[in-house]
Structures are given as C-alpha cells and as structure tokens.
Amino acid sequence: MAAATTPTDPSDPTGPTGPDAQERPRGRLTVLAGPTAVGKGTIAAYVRTHFPGVWFSVSMTTRRPRPGEVDGVHYHFVDDAEFDRLVEAGEFLEYAVVHGAAKYGTPRGPVERVIREGRDALLEIDLQGARQVRETWPEALFVFLAPPSWDELVRRLVGRGTEDEAERERRLSTARAELAAQSEFDEVVVNDDVRRASEELVSLMRSGRAER
Ligand code: 5GP
C-alpha cells in the first residue's frame with residue numbers, strides 16, 4: 001500500500017486530503033466537565049465562534065428548551081420515550097440524569113465519525129457522563145472547568161436566575177460533589193476569564209496531537 005505523500009494538517013476542518021482515508025490520523029476527543037453554572041456554556045460558545053475547527057457534540061435532552069435555545073443546535077430536544085428507545089438501541093456514548101431532573105446523552109455515531117475523519121471533538125457534559133466516557137474512551141483528554149472560587153460559583157448560579165429556589169439548591173448540592181472530583185481529571189482550567197480559559201482549553205486539546 002502506497003504511503004500518503006500529501007502533508008496533512010490535523011486541525012484543518014476539511015480533513016486530510018490524502019488518497020487513503022485509512023491513513024488519516026484520528027482526531028482527539030476532549031471531555032469538558034465542571035460544576036453547574038461554572039460557565040461551560042459560555043466557554044463552549046466562545047470556542048464555537050473563535051475556533052471553528054473544533055467540532056461540538058450536540059447532546060440529546062428530555063428537558064424543555066430555554067428561551068433562545070434552538071433544537072438541533074444547542075440540544076436535540078426529545079421526550080422520555082424517545083430517549084429511552086435510544087438508550088435501548090445503544091445509541092449513546094454516555095448518558096445521565098442530571099440534577100435529578102432531566103436526562104442528557106451524547107449520541108455515539110457523530111462523535112465516532114468525526115474522530116475517524118481526523119477532527120477534534122469536544123463534549124461538554126456532566127461529571128457522571130465524563131466518568132462513563134473515561135471507561136469506554138480512556139484515551140480522551142479530560143478537562144475540568146473550575147470556578148475561581150466557591151463564592152463566585154454560587155454568585156453565578158444565583159445570578160443566572162433561570163431556576164427556582166428548590167432547583168438552585170439541587171444544583172448547589174450537585175456542584176459541591178462535582179468540585180470534589182477535580183482530581184479525577186487530566187487538566188484543570190480555571191474560568192476566571194472567558195477568552196483566556198477558552199484559549200487554554202483549545203491549546204490543551206491541540207497539545208496532545210504531538211503525542212499521538
Ligand atoms: P443545562 O440543562 O443547563 O443545559 O445543562 C445541565 C447539565 O447537563 C450541564 O452540567 C451539562 O454539562 C450537562 N449535560 C449537557 N449535555 C450532556 C450530555 O450529553 N451528557 C451528560 N452526561 N451531561 C450533559
């Protein structure tokens with residue numbers, strides 16, 4: 001079999017141009033997790049805008065859309081029966097009930113395809129999901145997004161104002177447990193500034209390439 005002679009840039013979103021797809025370097029899967037309201041969504045939005053070469057998994061969820069959320073862009077919004085059917089069919093890379101409320105899951109097919117194509121993929125999921133991916137995809141990079149402090153985390157959680165008191169309490173108790181899990185991760189990025197933290201995340205995603 002002839003070796004590919006075309007130099008390839010693995011961060012090129014169009015993928016390598018070599019003649020044999022089998023010779024493409026696989027992309028890298030990065031899992032970003034962290035406590036609720038730490039700003040994962042904001043970081044994700046910044047990375048989407050400024051680093052279009054990074055592919056984002058779109059999760060399925062049974063929770064209702066918030067104002068401004070678009071089906072198929074922010075989440076695939078499905079009902080309980082459809083979610084359970086996909087679980088039965090083995091369609092999720094991981095899934096979890098988050099905050100004791102709605103179900104969330106990462107569709108397996110798109111992630112596997114993108115990695116095969118040599119692109120970098122990012123999952124923004126909760127800690128339970130990250131632990132499942134650690135079991136099935138240990139070569140992924142696990143990044144913990146941490147708040148600058150606990151007080152700041154509480155301020156952000158309350159400041160968002162989209163949840164009622166009981167929901168806030170549930171989320172805080174989840175956040176306490178999640179903060180304690182930092183040490184399970186390969187890297188910790190402190191979300192003190194959206195741009196700085198986003199750039200650090202992307203540079204971590206890319207730094208692993210040389211080791212492959
Ligand atoms: P929200 O409802 O605020 O969008 O997200 C709630 C939590 O669900 C966040 O911590 C988010 O990271 C997590 N989450 C979003 N998608 C997934 C997913 O596909 N799997 C898992 N395990 N958690 C997810």
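The values are calculated or read from the model by the stated rules, or taken from the named source; none is laboratory data. Every value quoted in this text rests on a predicted model; they were computed, and no experiment measured them. All Cβ positions, glycine included, derive from the backbone under ideal geometry; neighbour counts span all protein chains shown.
Just name the residue that is nearest to the ligand (Cβ to nearest atom) out of those in segment 127-139 that are closer than 21 Å to Asn191 by Cα and crowded, with 20+ Cβ neighbours inside 10 Å.
From segment 127-139, those closer than 21 Å to Asn191 by Cα are 127-130; that's our starting set.
Restricting the remaining residues to those that are crowded, with 20+ Cβ neighbours inside 10 Å gives 127, 129-130.
Values: Leu127: 8, Gly129: 2, Ala130: 7 Å.
Among them, the one singled out is Gly129.
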Residues located in segment 28-53, provided they are more than 9 Å from the ligand (Cβ to nearest atom), part of a strand (DSSP E or B) and of a type in the set (A, V, I, L, M, F, W, C):
Leu29, Val31
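Checking the conditions here, which among Val98, Val73, Val38, Val58 is farther than 27 Å from Arg206 by Cβ, of a type in the set (A, V, I, L, M) and either modelled with pLDDT under 95 or out of contact with any Gly (no Cβ under 6 Å at 6 or more places or on another chain) (or both)?
Details: Val73 fails: farther than 27 Å from Arg206 by Cβ; Val38 fails: farther than 27 Å from Arg206 by Cβ; Val58 fails: farther than 27 Å from Arg206 by Cβ.
On inspection, the qualifying residue turns out to be Val98.
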Give segment 169-203 a look and list any residue that's crowded, with 16+ Cβ neighbours inside 10 Å, over 13 Å from Ala33 (Cα atoms) and within 16 Å of the chain's Cα centre (by Cα), or say none.
Ala197, Ser198, Glu199, Glu200, Val202
Positions within segment 171-205 being part of a helix (DSSP H, G or I) and among the charged types (D, E, K, R), in sequence order:
Arg171, Arg176, Glu178, Glu184, Arg195, Arg196, Glu199, Glu200
Check segment 20-27 and report whether any residue there is within 14 Å of the ligand (Cβ to nearest atom), out of contact with any His (no Cβ under 9 Å at 6 or more places or on another chain) and modelled with pLDDT under 95.
no
Output the qualifying pairs, or none if there are none: Cβ atoms under 6 angstrom, residues six or more apart or on different chains, first residue in segment 54-78 and over 24 Å from Asp120 (Cα atoms) and assigned to a loop (DSSP other than H, G, I, E, B), second residue more than 8 Å from the ligand (Cβ to nearest atom) and modelled with pLDDT of 95 or more.
Thr62/Asp80; Thr62/Phe83; Thr62/Lys103; Pro65/Phe77
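Name the residues in segment 88-107 that are over 22 Å from Pro138 (Cβ atoms) and within 12 Å of the ligand (Cβ to nearest atom), would you?
Of segment 88-107, the ones over 22 Å from Pro138 (Cβ atoms) are 88-89, 97-103.
Within segment 88-107, Val97, Val98, His99, Gly100, Ala101, Ala102, Lys103 meet the criteria.
Among the residues of segment 109-126, how many are aliphatic (A, V, I, L, M) and surrounded by fewer than 19 Cβ atoms within 10 Å (Cβ to Cβ)?
So in segment 109-126, the residues aliphatic (A, V, I, L, M) come out as 111, 114-115, 121-123, 125.
Now drop any that are not surrounded by fewer than 19 Cβ atoms within 10 Å (Cβ to Cβ), which leaves 115.
Final tally of qualifying residues: 1.
Considering each residue of segment 35-53, count those that are surrounded by 14 or more Cβ atoms within 10 Å (Cβ to Cβ) and touching a residue at least 60 places away in the same chain (Cβ under 8 Å), and give that number. Please lay out each step first, then the result.
We begin by selecting, within segment 35-53, every residue surrounded by 14 or more Cβ atoms within 10 Å (Cβ to Cβ); these are 35-40, 42-48, 51, 53.
Checking the rest, the ones that are also touching a residue at least 60 places away in the same chain (Cβ under 8 Å) come to 35-40, 42-44, 46-47, 51, 53.
Result for segment 35-53: 13.
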